[in-house]
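The block underneath contains the structure these notes are about, expressed in structure tokens.
The values are calculated or read from the model by the stated rules, or taken from the named source; none is laboratory data. Since the model is a prediction, treat every value here as computed from it, not as a measurement. Glycine also receives a Cβ, built like all others from the backbone with ideal geometry; neighbour counts cover every protein chain displayed.
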Amino acid sequence: MTTPHEHTGPDTDTTPTESGSLRCPECGEPARLVPPREWPLAAFLARPAASHADGTALCPVPGPYGSQPASPVGAPARLTMWQAVRQSWLIHPDWTVEDHLSWLDGEGYDTDLADGDPAEVIGRWLTEHRRTARLSVPPDASGAARVYVVAGGDMVAVFDNPDAAGIQRTVMQAANLDTIASAMTPAQWDTARAVLRAEHPQLVITDVRRDATGGTA
């Protein structure tokens, strides 16, 4: 799971990242730019520049003169706990705090490093994720019905309630789509839909309002 997100602040997890770390490409174990402690082939081959963390040479790979130690490769940066929770929430918006704790433990995160009770901290993060994902609906003193539009990629989805639209936006974001969302009156949507169909015929428009006939373009 690797889609990093920027985040700083008091809730940032203190799990160290591994940006720029090295690993043996054969066994996947951590590597370091330190020659191995023992090198029995010194009479035939120069001592390698890298070794496993325990001081042994990296695993052998085929070379021009037979087997030789592999060259280390970079390891991707590890997501912080906050980033991991946000990413898994985007993919699984129905997960509970317990689900996230179980997943984090399975991925090797030390939840005790959270700033406070892990369940409380993750619950607070999830609440913030849900709050910021909700559509911003302008006040309407008249109480007129609203249409909630979510667009991403080549698809536009239309709803009659903000919660359903928020879920759709979450799904689109999890698919790495650059989404936009807005709320408008039904009349405004009818005008916008006509323009979209005329100027962007490749768009797929899905209207899931209960009183809508739906349709695609």
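Based on this model, can you work out whether ALA164 counts as in a loop (DSSP other than H, G, I, E, B), modelled with pLDDT under 85 and at negative phi?
Numbers: in a loop (DSSP other than H, G, I, E, B): no; modelled with pLDDT under 85: yes; at negative phi: yes.
So ALA164 does not fit the description; no.
Among the residues of segment 17-39, is any at pLDDT below 75 and hydrophobic (A, V, I, L, M, F, W, C)? No, there is no match, as no residue in segment 17-39 is at pLDDT below 75 and hydrophobic (A, V, I, L, M, F, W, C).
Only a single criterion out of (1) in the same structural domain as ARG86 (by TED's automatic domain parsing); (2) touching a helix residue (DSSP H, G or I) at 6+ places or on another chain (Cβ under 9 Å); (3) modelled with pLDDT of 85 or more is not satisfied by VAL158, namely (1). For segment 78-98, the count of residues that are of a type in the set (Asp, Glu) and at pLDDT 80 or above is nonzero. Among the residues of segment 32-88, those identified as touching a strand residue (DSSP E or B) at 6+ places or on another chain (Cβ under 9 Å), of a type in the set (Ser, Thr, Tyr) and touching a residue at least 12 places away in the same chain (Cβ under 8 Å) are SER51, SER71.
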